[in-house]
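**Q** Once you've had a glance at the structure underneath, I'll fire off some questions.
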Amino acid sequence: MSKSVRFIVVRHGESEWNQRGILQGQLDSPTSARGLRQIDALLGALASYSFSAVISSPSQRALTTAKAIAQFHGSPLHLDPRFHEQHLGDFQALTPAQIRERNPAVADALLAGDVAAVPPGGESVLEAANRLHQALLDQDASADASICVVTHGNTLAGLLWLLQGADFRAPFTRFSPHNCSFSVLHRQAHALRIENWGQATHLLNGNLL
């Protein structure tokens, strides 16, 4: 019988650019004060779990969340660049209004949730989702292990879209996760399935959604 592995997949706490509506992609900005409160709420929601490892995107906003989880659980922390956000190319560090001015067709497609839309100099959500998918399939873990993964909004939304049937008529934005929400995925027989996604009830108190 193939071993089962559970992944708790977290979107990082809110960053300052999230707060200001600036597209980050693979650029970075610090975790906001609200994001730090979100992380505290997340730690409470994950308190009953035991993680054999915490694996994070190398971005600082993801690492702030991942370090807090690893310290709380006493788990080793590892980095994997495949957990990074979608590379937004020329759209990085701009607002939605600015990217619509520069490239209305691609901007409208991306903002409408088209997984195949490729920002100039960047990658599609589908490409980002596929690398995250492969990274989770590649993780070496003992049977019945639970691993916490900290990643990003578009990359995770794309993965959830992929695992929910990969319907190109459906926007990936349907699955866009809140900051510091989490989804539970299971891997068995080299396949991933969703147990639940977008868990965010821990963010209801304190106006953290």
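The values are calculated or read from the model by the stated rules, or taken from the named source; none is laboratory data. It should be emphasised that the depicted structure is a prediction, and the values quoted were computed from it without experimental measurement. No Cβ is skipped: glycine too gets one built from the backbone with ideal geometry, and neighbour counts run over all protein chains shown. Calculation scope for accessible area: heavy atoms of the full protein, side chains included, ligands and nucleic acids excluded. Shrake-Rupley method; radii C 1.70, N 1.55, O 1.52, S 1.80 Å.
**Q** Tell me, what % of the accessible area of the chain is carbon and sulfur with a 1.4 angstrom probe?
**A** Details: 4580 of 9240 Å².
Solvent-exposed carbon and sulfur of the chain make up 50 percent of the total.
**Q** Another question about this same structure. Accessible area, 1.4 Å probe, largest first: how do 100, 34 sort?
**A** On the way: 100 110, 34 50 Å².
In descending accessible area the options line up as 100, 34.
**Q** Considering the options 98, 186, 151, tell which one lies farthest towards the positive end of the dipole of the chain, charges being +1 on Lys and Arg and -1 on Asp and Glu at the Cβ, about the Cα centre.
**A** Sorting the options by dipole projection puts first 186.
**Q** A further question follows. With +1 on each Lys and Arg Cβ and -1 on each Asp and Glu Cβ, and nothing else charged, work out how big the dipole of segment 1-93 is about its Cα centre, in Debye to the nearest 20. Show your work: numbers first, answer last.
**A** Numbers: 9 positive and 7 negative charges, 62 e Å.
Charge dipole of segment 1-93: 300 debye, to the nearest 20.
**Q** Note down the Stokes-Einstein diffusion coefficient of segment 1-56 in µm²/s, whole number, using a Kirkwood radius over alpha carbon pairs, 25 °C, and 0.890 mPa s.
**A** Numbers: Rh = 13.4 Å.
Once the numbers are plugged in, D ends up at 183 µm²/s.
**Q** Something else about it: Please list the non-local residues whose amide H lies under 5 Å from the amide H of residue 15, H modeled 1.01 Å from N, same-chain partners needing a gap of 5 or more.
**A** Here 32 satisfy the definition.
**Q** So how far, in whole Å, is the C-alpha centre of segment 1-27 from the one of segment 85-146?
**A** Measuring centre to centre over Cα atoms gives 12 Å.
**Q** Once every DSSP H run of n ≥ 4 in the chain is given -39500 (n - 2.57) and the sum is divided by its residues, what mean residue ellipticity at 222 nm do you get, rounded to the nearest 500 deg cm²/dmol? Let's see the in-between values first.
**A** Numbers: 7 runs with 72 residues, N = 209.
After summing the helix terms and dividing by the residues of the chain, the value is -10000 deg cm²/dmol.
**Q** Multiply the residue gap between residue 48 and residue 101 by 0.36 nm, knock off their C-alpha separation, and tell me the result in nm, one decimal place.
**A** Working: separation 53, 0.36 × 53 = 19.08 nm, distance 4.71 nm.
Here the answer is 14.4 nm.
**Q** Quick check on packing: order 82-94, 18-30 by the mean number of other C-beta atoms within 10 Å, highest mean leading.
**A** 82-94, 18-30
**Q** Further, regarding this structure: Subtracting the Cα-Cα distance from 0.36 nm times the residue separation, let me have the gained length for residue 205 to residue 4 in nm, one decimal.
**A** On the way: separation 201, 0.36 × 201 = 72.36 nm, distance 3.36 nm.
Extra length available between residue 205 and residue 4 comes to 69.0 nm.
**Q** Over the chain, average the accessible area per residue using a 1.4 Å probe and give it in Å², no decimals. Show your work: numbers first, answer last.
**A** On the way: 9240 Å² over 209 residues.
Accessible surface, normalised per residue, equals 44 Å².
**Q** Just need the Rg to Rh number for segment 61-183, please, alpha carbons only, Kirkwood Rh. Don't skip to the answer; put the middle values down first.
**A** On the way: Rg = 15.6 Å, Rh = 15.5 Å.
Reported Rg/Rh, Kirkwood definition of Rh: 1.00.
**Q** Among (1) 50, 39, 27; (2) 54, 48, 36; (3) 45, 40, 31, which one is Cα extents along the principal axes in Å computed from these coordinates?
**A** Answer by label: (1).
**Q** Using the crude model of +1 on Lys and Arg Cβ and -1 on Asp and Glu Cβ, and no other charge, please compute the dipole size for the chain relative to its Cα centre, in debye to 20. Don't skip to the answer; put the middle values down first.
**A** Numbers: 16 positive and 17 negative charges, 69 e Å.
It works out to roughly 340 debye.
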